[in-house]
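Q: If you scroll down you'll find the structure; I have some questions about it.
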Amino acid sequence: MMASLNSSLGTGPLFRSARVALLAAAVVAMSFGPGSECAQATIVKAVMQSGLRVTDPILSTAFTARDHGYMIYDTLLGLDRDFHIRPQMADWKVSGDGKLYTFTLRSGLKWHDGAPVTADDCIASIKRWASVDTTGMPLMQMVKEIRKVDDNNFEIELTQPTSLLLSGLAKLSSRPAFMMPKRVADTSASTAISDYVGSGPFRFVVSEFQPGLRAVYEKNIDYVPRSEPASWTAGGKVVNVDRVEWVTMPDQSIAVSALQNGEIDFLQQVPFDLLPVLESNSDVTVKVLDELGAWTYFRMNHLYPPFDNRLVRQAAIAAVGQEDVLKALVGNPKYYQTCAAVMGCGNPNGDSYGAEWVIPSDIERAKALLKEAKYDGTPVVVLQPTDIAMLWASR
């Protein structure tokens with residue numbers, strides 16, 4: 001018996017201009033030991049990369065909030081592994097001049113409370129998402145009007161043709177355009193929602209939620225998946241289990257032991273120094289589910305000294321070598337690669353421009369830049385997340 005969850009993985013900020021592609025590992029138990037509930041019922045116990053605290057995936061860009069969103073909500077469009085935009089909740093037609101998009105909801109869509117999904121719900125959801133999302137905000141500057149045609153159809157009229165509309169509605173992360181009932185979507189994007197009715201493949205069991213410790217999901221028996229094969233967020237989301245429990249285990253060695261003992265069935269993110277222990281266990285499958293990996297950034301606060309000075313920012317980038325950081329984070333070169341592309345490698349926007357400057361460490365260049373900037377020794381504070389295993393390794 002094998003229980004599998006397809007979750008995208010990610011780490012936190014390390015590089016900005018120097019982008020690093022990191023192949024993060026996900027682990028799924030193939031057989032379960034004594035005491036595992038999966039032997040008697042279709043229940044999956046999973047340890048995610050961190051505990052779920054924020055349950056509004058529009059309010060937060062945290063990957064755990066995003067994954068929670070994909071459990072209980074759906075999106076109008078999906079993106080497949082070849083980066084093609086596909087219909088999910090809706091299909092679309094576009095006018096010859098590229099300015100008018102008509103979206104048609106597929107039949108059988110219901111909210112968890114049994115009410116049908118309507119155009120009004122989708123319009124309100126798009127507006128809430130676009131009010132805060134970094135793709136949605138510039139998109140809305142090119143939207144002339146969003147209007148309802150009938151309960152199953154709505155139109156988006158643009159002032160000019162743009163690819164942002166479809167790519168924004170199909171984006172994977174962070175902050176996907178999740179559809180919510182109008183009564184929920186009418187909530188300001190700066191205010192956390194308290195109603196978690198969605199139309200996705202699982203229902204959120206609010207009564208069992210313990211922030212940061214435990215989140216529970218039950219199969220939505222009314223969910224009708226698309227007929228196409230699943231591919232990333234496109235295609236049919238077929239649910240093969242009745243219940244999923246996210247449990248938090250901050251100590252990764254305990255989580256690894258729990259997986260080996262059959263106490264949990266899925267470990268989303270594994271410290272690389274513990275991978276050999278799992279790879280040698282015939283009862284555990286170690287698999288990279290997200291081949292694009294997790295990208296880490298060098299993110300500097302440019303609003304305050306010393307990084308309000310462009311030259312100091314450049315010095316910091318020059319001083320830090322990607323390979324050095326990846327050795328600390330990962331260690332095993334099988335699971336990492338350097339990358340210079342601002343938009344990441346392995347996708348249509350990847351390139352090698354600037355690789356000779358952003359990948360290696362150049363201390364002499366960094367010193368020269370600091371001298372030119374007249375750096376006065378203002379202290380630099382590096383934030384250190386402690387609840388994500390791979391980031392903690394960089395300490």
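Nothing in this text is a laboratory measurement; each read-out follows from the coordinates by a stated rule. These numbers were taken from a predicted model, which means no experiment stands behind them. Cβ atoms come from the backbone with ideal geometry, glycine included; neighbour counts cover every protein chain shown.
Q: Please work out how much length the chain gains when fully extended from residue 106 to residue 364, using 0.36 nm per residue of separation minus the C-alpha to C-alpha distance, in nm with one decimal.
A: 86.9 nm
Q: Now a separate question. Between residue 288 and residue 353, with labels modelled 7 Å along Cα→Cβ, what's the label distance in nm to one decimal, could you check?
A: Placing both labels 7 Å beyond Cα along the Cβ direction yields 2.6 nm.
Q: Around residue 65, under 11 Å between beta carbons, what's the net of Lys plus Arg minus Asp minus Glu among the other residues?
A: That works out to +1.
Q: Still on this structure, please answer the following. Please identify, among 212, 198, 114, the residue showing maximal mean-square fluctuation in a Gaussian network model of the chain using a 10 angstrom Cα cutoff.
A: 114
Q: Please compute, for the alpha-carbon atoms of the chain, the extent along each of the three principal axes and give them in descending order in Å.
A: Between the extreme Cα coordinates on each principal axis of the chain lie 64, 62, 35 Å.
Q: Read phi for every residue in the range 297-307 and hand back ³J(HN,Hα) as whole Hz from Karplus 6.51 cos²θ - 1.76 cosθ + 1.60, θ = phi - 60°, with x for Gly and Pro.
A: My calculation for the range 297-307 gives 10, 9, 10, 10, 7, 7, 7, 10, x, x, 7 Hz in order.
Q: Continuing with this model, one more query. Could you tell me which of rounded, prolate or oblate describes the range 191-266, using a ≥ b ≥ c as the square roots of the eigenvalues of the alpha-carbon gyration tensor, with rounded for a/c under 1.5 and, failing that, prolate when a/b is larger than b/c and oblate otherwise?
A: Verdict is oblate for the range 191-266.
Q: With 27 Å as the limit, write out which pairs from 144/171; 99/219; 287/327 have Cα-Cα distances beyond it, or answer none.
A: Violating the 27 Å limit, Cα to Cα: 99/219.
Q: What are the ³J(HN,Hα) couplings of the range 340-352, residue after residue, when phi is run through the Karplus curve with 6.51, -1.76, 1.60 and θ = phi - 60°? Round to Hz, x for glycine and proline.
A: For the range 340-352, the Karplus curve yields 9, 5, 4, 8, x, 9, x, 9, x, 9, x, 7, 10 Hz.
Q: I've got another one for you. Between residue 383 and residue 137, what is 0.36 nm times their sequence separation minus the Cα-Cα distance? Round to one decimal in nm.
A: Value of the extension gain: 85.7 nm.
Q: Report the label-to-label distance for residue 328 and residue 144 in nanometres (one decimal), using points 7 Å from each Cα along the Cα→Cβ vector.
A: That separation, rounded to one decimal, is 5.3 nm.
Q: In addition: Tell me, what ³J(HN,Hα) does each residue in the range 315-322 have, in order and in whole Hz, if you take phi through Karplus 6.51 cos²θ - 1.76 cosθ + 1.60 with θ = phi - 60° and put x for Gly and Pro?
A: Per-residue couplings from phi come out as 5, 5, 5, 5, 6, 9, x, 4 Hz.
Q: Once the piece of chain linking residue 207 and residue 127 is laid out straight, how much longer is it, given 0.36 nm per residue of separation minus the C-alpha distance between them?
A: That works out to 25.9 nm of additional length.
Q: So, one more: Please list the non-local residues whose amide H lies under 5 Å from the amide H of residue 270, H modeled 1.01 Å from N, same-chain partners needing a gap of 5 or more.
A: Those lying under 5 Å, H to H, from residue 270 are 25.
Q: Further question on the same structure: Of the chymotrypsin sites (Phe, Trp or Tyr not before Pro) in the range 54-131, which ones lie in a loop per DSSP and count no more than 15 other C-beta atoms within 10 Å?
A: 83
Q: Rounded to the nearest 500 deg cm²/dmol, what is the calculated helix-only ellipticity per residue at 222 nm for the chain, with -39500 (n - 2.57) per DSSP H run of length n ≥ 4?
A: That comes out to -6000 deg cm²/dmol.
Q: Hey, with R₀ at 56 Å, roughly what FRET efficiency would residue 54 and residue 376 work out to, going by the Cβ-Cβ distance, to 0.05?
A: Result of the calculation: an efficiency of 0.90.
Q: To continue, here is another question. If the label point is 7 Å along Cα→Cβ of residue 238, which residues in the range 197-225 have backbone nitrogen under 18 Å from it?
A: Once the point is set 7 Å along Cα→Cβ of residue 238, 201-202, 219-225 turn out to lie under 18 Å by backbone N, inside the range 197-225.
Q: Right, another one. What aspartates and glutamates does residue 374 reach when the alpha-carbon gap must be under 16 Å and sequence neighbours fewer than 8 apart in one chain are set aside?
A: 308, 364
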